[in-house]
Amino acid sequence: GCILDGKLYPFGEIEKTENCHRCSCSQEEIRCCSLYHTPIYDRERCKAVFNKKSCSYIVVEKDDPSKECFVYSRV
(Lines give C-alpha, C1' and ligand atoms only; values in the text may rest on other atoms or scores of the structure.)
Protein backbone atom coordinates (compact mmCIF):
# COMPACT_ATOMS: atom_id res chain seq x y z
CA GLY A 1 0.00 0.00 0.00
CA CYS A 2 0.89 3.69 0.24
CA ILE A 3 1.40 5.85 3.30
CA LEU A 4 -0.07 9.35 3.18
CA ASP A 5 -0.14 11.66 6.21
CA GLY A 6 0.81 8.71 8.43
CA LYS A 7 -2.05 6.48 7.26
CA LEU A 8 -1.69 3.31 5.17
CA TYR A 9 -3.94 3.09 2.09
CA PRO A 10 -4.31 0.04 -0.17
CA PHE A 11 -3.05 -0.08 -3.76
CA GLY A 12 -5.56 1.25 -6.27
CA GLU A 13 -7.90 4.21 -6.34
CA ILE A 14 -8.64 6.07 -3.12
CA GLU A 15 -11.90 8.03 -3.46
CA LYS A 16 -11.34 10.28 -0.43
CA THR A 17 -8.52 10.47 2.11
CA GLU A 18 -8.91 11.89 5.62
CA ASN A 19 -7.51 15.20 4.31
CA CYS A 20 -9.90 15.48 1.35
CA HIS A 21 -7.75 14.19 -1.51
CA ARG A 22 -8.47 11.65 -4.25
CA CYS A 23 -5.43 9.46 -4.87
CA SER A 24 -4.09 6.67 -7.01
CA CYS A 25 -1.71 4.35 -5.19
CA SER A 26 0.68 2.01 -7.00
CA GLN A 27 3.90 0.19 -6.11
CA GLU A 28 5.89 2.99 -7.76
CA GLU A 29 4.10 6.11 -6.51
CA ILE A 30 1.06 7.80 -5.06
CA ARG A 31 -0.63 10.62 -6.98
CA CYS A 32 -3.21 12.85 -5.36
CA CYS A 33 -5.39 15.86 -6.14
CA SER A 34 -7.57 17.86 -3.77
CA LEU A 35 -11.33 17.45 -3.67
CA TYR A 36 -11.89 21.10 -2.76
CA HIS A 37 -11.37 24.55 -4.25
CA THR A 38 -9.79 27.42 -2.33
CA PRO A 39 -12.02 30.51 -2.18
CA ILE A 40 -10.94 34.03 -3.16
CA TYR A 41 -12.63 36.58 -0.89
CA ASP A 42 -12.19 39.82 1.11
CA ARG A 43 -9.57 38.70 3.64
CA GLU A 44 -9.82 41.87 5.73
CA ARG A 45 -13.52 41.39 6.50
CA CYS A 46 -13.95 37.63 6.18
CA LYS A 47 -12.39 34.26 7.00
CA ALA A 48 -12.58 30.82 5.41
CA VAL A 49 -13.64 27.83 7.49
CA PHE A 50 -12.90 24.32 6.20
CA ASN A 51 -15.43 21.50 6.67
CA LYS A 52 -13.59 18.15 6.55
CA LYS A 53 -16.82 16.13 6.18
CA SER A 54 -17.94 17.94 3.03
CA CYS A 55 -14.38 18.82 1.88
CA SER A 56 -15.39 22.42 1.27
CA TYR A 57 -14.85 25.93 2.56
CA ILE A 58 -17.47 28.35 3.75
CA VAL A 59 -16.52 32.02 4.00
CA VAL A 60 -17.98 34.02 6.87
CA GLU A 61 -17.59 37.48 8.36
CA LYS A 62 -14.90 37.69 11.05
CA ASP A 63 -17.10 39.87 13.28
CA ASP A 64 -20.26 37.80 12.74
CA PRO A 65 -19.60 34.18 11.68
CA SER A 66 -23.34 33.63 11.19
CA LYS A 67 -23.15 35.78 8.01
CA GLU A 68 -21.58 34.38 4.85
CA CYS A 69 -19.32 36.51 2.68
CA PHE A 70 -19.26 36.86 -1.08
CA VAL A 71 -16.74 34.58 -2.80
CA TYR A 72 -15.22 36.12 -5.94
CA SER A 73 -14.01 32.80 -7.32
CA ARG A 74 -12.55 29.45 -6.32
CA VAL A 75 -9.23 28.00 -7.41
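The values are calculated or read from the model by the stated rules, or taken from the named source; none is laboratory data. Please read these numbers as outputs of a predicted model, since none were measured by experiment. For neighbour counting, all protein chains shown are included, and Cβ atoms are generated from backbone atoms with ideal geometry for every residue, glycine included. To get the accessible areas, we keep the full protein, side chains included, count just its heavy atoms, and leave off ligands, DNA and RNA. Shrake-Rupley method; radii C 1.70, N 1.55, O 1.52, S 1.80 Å.
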query = Whole-Hz Karplus ³J(HN,Hα) for the range 56-69, in order, using 6.51 cos²θ - 1.76 cosθ + 1.60 and θ = phi - 60°, x for Gly and Pro?
reply = 8, 9, 10, 10, 10, 5, 5, 6, 9, x, 7, 9, 7, 9
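How much of the accessible area of the chain, probe 1.4 Å, is carbon plus sulfur, in whole percent? Please list the in-between numbers first.
Working: 2730 of 5570 Å².
Answer for the chain is 49 percent, counting heavy atoms of protein chains only.
How would Val75, Val60, Val49 line up by accessible area, probe 1.4 Å, largest first? Intermediate results must be reported in sequence, preceding the final value.
Values: Val75 110, Val60 5, Val49 60 Å².
Ranking Val75, Val60, Val49 by accessible area, largest first, yields Val75, Val49, Val60.
Within the chain, which is the longest segment that contains none of the GluC sites (Glu not before Pro) sitting in a DSSP loop with at most 16 other Cβ atoms within 10 Å? Write out the running numbers ahead of the final one.
Working: sites that count: Glu15, Glu18, Glu28, Glu29, Glu44.
Longest gap between qualifying sites, sites excluded: 45-75.
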request  = Take the Cα radius of gyration of the chain and divide it by 2.2 N^0.38 Å, with N its residue count; two decimals is plenty.
outcome  = 1.41
task = Report the local net charge at Cys25: Lys and Arg +1, Asp and Glu -1, summed over other residues whose C-beta lies under 15 Å from its C-beta.
result = -2
note = Restricting to lysines and to Cα separations under 25 Å from Lys67, and discarding same-chain partners fewer than 8 apart, the set is Lys47, Lys52, Lys53
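Can you compute the FRET efficiency between Glu15 and Asp64 using 1/(1 + (r/R0)^6), with r the Cβ-Cβ distance and R0 = 30 Å? Round to the nearest 0.05. Mind showing how you got there, number by number?
Details: r = 36 Å, r/R0 = 1.20.
After rounding, the FRET efficiency stands at 0.25.
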message = Give the list, by residue number, of cysteines in the chain with no other Cys Cβ closer than 4.7 Å, or say none.
response = Cys33
ask   = In Å², what does the accessible area per residue of the chain work out to with a 1.4 Å probe?
value = 74 Å²
